[in-house]
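Please read the structure below before turning to the comments.
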Amino acid sequence: MLSSLLTVAAYAGSAIALNNGVGKLLKMGFDTFNAFVCDYDEVKVLVQAEAMVKYGLVAAGYNSIILDDCFTLKNRSVDGKLVEDPAKWPNGLKHFTTAINKMGISASAYSDAGYNTCAGYPGSYGYEAQDLETWTEWGFDYLKYDNCFIPFDNVTQENIYGRYERMANAIAAHARKTHSQPMWLSLCEWGWQQPWIWGKRLGHSWRINGDIKPWWSSLASIIDQASFQYWSSDFYGHNDMDMLEVGNTGQGNPIGNLTYEEAKSHFTAWALLKSPLIIGTDLSNATKETIEILGNQDLIKINQDPNIGEAISPFRWGINPDYVSNSTHPAQYWSGNSSYGIVFMVLNTEDKSADMFFNLTESWAIRAGHLYSVYDMWSHTNNGSALRNISLTLPPHGAAALLLNDAGPEPNADTLNLPYCAGYWQCSFPNGTYYSN
Ligand code: GAL
């Protein structure tokens, strides 16, 4: 009886983010999987690292490389240790991680909470502590932890939470034992079991969806999912919307299967929804557009805001009259707070260009009766000031990213012949008569 009570207590604590000194802000970097699957080695990844430096991406904040699935041999050594693949790392993994460290890039590892990784390499179930020692020895400081090849229920006697907790506990124990910074833990269970509820107790980010694909319908459905889970992201714990598919996806088209406008919308949503910014495309011959989009400093600085951790949230859902969203037409009107001003994202989810319109006070963050200066985070220009509302025309699947700042009380409403209140349905005269516009 006592032990079952203790178990309940362990699972029922409030979801406080894991503030263990790492992962306050979002991870930025490059991941090998979407660009190369298992087909990579030291030479190929160093080309990516060099491109990250050359194109200014390291300076822009992309300072880690995740070796995703397939960087070890398929079998452990006789003493259970992970073995680096000598064909991929002829000079050893430590040599590789040291080389990228010198370029200002840290090294991140990948493993799995089951017997095998998703591509059939050794998983860490039952080897958590040993594998952590090995990754540390090889120079990794971050772990992406997947959820394939799970042992039977009678073996684990745990749910997803419990299997991830094994690794989280091993990380905490290892940090205590070695007096070192805990490994940064990124959970990859694809949003199966509401990781936005519990992920923050164990790790620093959690995937909210299956694997992203480099086309619009995939982006739209991830944005739709995020429109219901945005509230969970804050310092030390973040919804992970998966990799950025901006650029050469290795699928034949140099800017991927996305149009330029779609790629900008993709980056806008990922940055402002406070997803980790992990590049999933081959950077070796990146186009000017790819670098412009991935390097957008106005959006990166909001993603990396040191004072405000929360994500933008929708103030209208969907495009239907009842504002119900669906995975092809996610929320179009979003806003939130930042250290630099009030952020708006307006997204045209239609396949044709569309006129978009919103009242400023539809956003919780706006002060009624004030003018706002408007800065466009894609053209990087000041676009005058907004009085009451904003109208814009957006291309198919295009987005606007705006930063608004209070420019003082608006001019006298009588002179401008404006309604007395923007949201007039509850406004009243001092005598208690409702005002109607
Ligand atoms: C998937 C994961 C991908 C990638 C892949 C490796 O489960 O979502 O991002 O890590 O496994 O096999």
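We did not get these values from a lab; they are worked out from the coordinates using the rules stated. For clarity, every value in this text was computed on a predicted model and none was experimentally measured. Reconstructed Cβ throughout: ideal geometry from the backbone, glycine too, with neighbour counts over all protein chains shown.
Run the numbers for D406 and E133: contour at 0.36 nm per residue of separation, minus the present Cα-Cα distance, in nm. Before the final figure, lay out each step's value.
Details: separation 273, 0.36 × 273 = 98.28 nm, distance 5.15 nm.
Residue separation times 0.36 nm, minus the Cα-Cα distance, leaves 93.1 nm.
Please report how far the C-alpha centroid of the range 180-243 lies from that of the range 405-435, rounded to the nearest whole angstrom.
Answer, in whole Å: 41.
Got a sec? How would F96, F344, F357, F36 order by Cβ neighbour count within 10 Å, fewest to most?
Details: F96 25, F344 28, F357 11, F36 18.
Ordered by Cβ neighbours within 10 Å, fewest first: F357, F36, F96, F344.
Among the DSSP beta bridges whose two residues both lie in the range 14-152, what percent are antiparallel, rounded to the nearest 5? Kindly include the intermediate steps, with their values, before the conclusion.
On the way: 2 of 13 bridges.
Given both bridge residues lie in the range 14-152, the antiparallel proportion sits at roughly 15 percent.
Expected output is a single nm value to one decimal: the length gained when fully extending between K177 and S428, i.e. 0.36 nm times separation in residues minus the C-alpha distance. What is it? Could you put the intermediate results ahead of the total?
Numbers: separation 251, 0.36 × 251 = 90.36 nm, distance 6.47 nm.
Stretched out fully, the K177 to S428 stretch lengthens by 83.9 nm.
Counting only the backbone N, which residues of the range 368-388 are under 14 Å from the spot 7 Å out from the Cα of Y435 toward its beta-carbon?
Residues 368-370, 388 fall inside that zone.
Do any cysteines in the chain lack another Cys Cβ under 4.7 Å, and if so which?
Unpaired cysteines in the chain: C188.
Less than 16 Å from a label point 7 Å out along the Cα-to-Cβ axis of Q194: which backbone N atoms in the range 147-168 qualify, by residue?
159-162
Grab the Cα-Cα distance for D211 and T393, subtract it from 0.36 nm times how many residues apart they are, and report the gain in nm with one decimal. Please list the in-between numbers first.
Values: separation 182, 0.36 × 182 = 65.52 nm, distance 3.11 nm.
This chain segment gains 62.4 nm when fully extended.
Of the beta bridges DSSP finds with both residues in the chain, what % are antiparallel, to the nearest 5?
Numbers: 36 of 60 bridges.
In the chain, approximately 60 percent of DSSP beta bridges are antiparallel ones.
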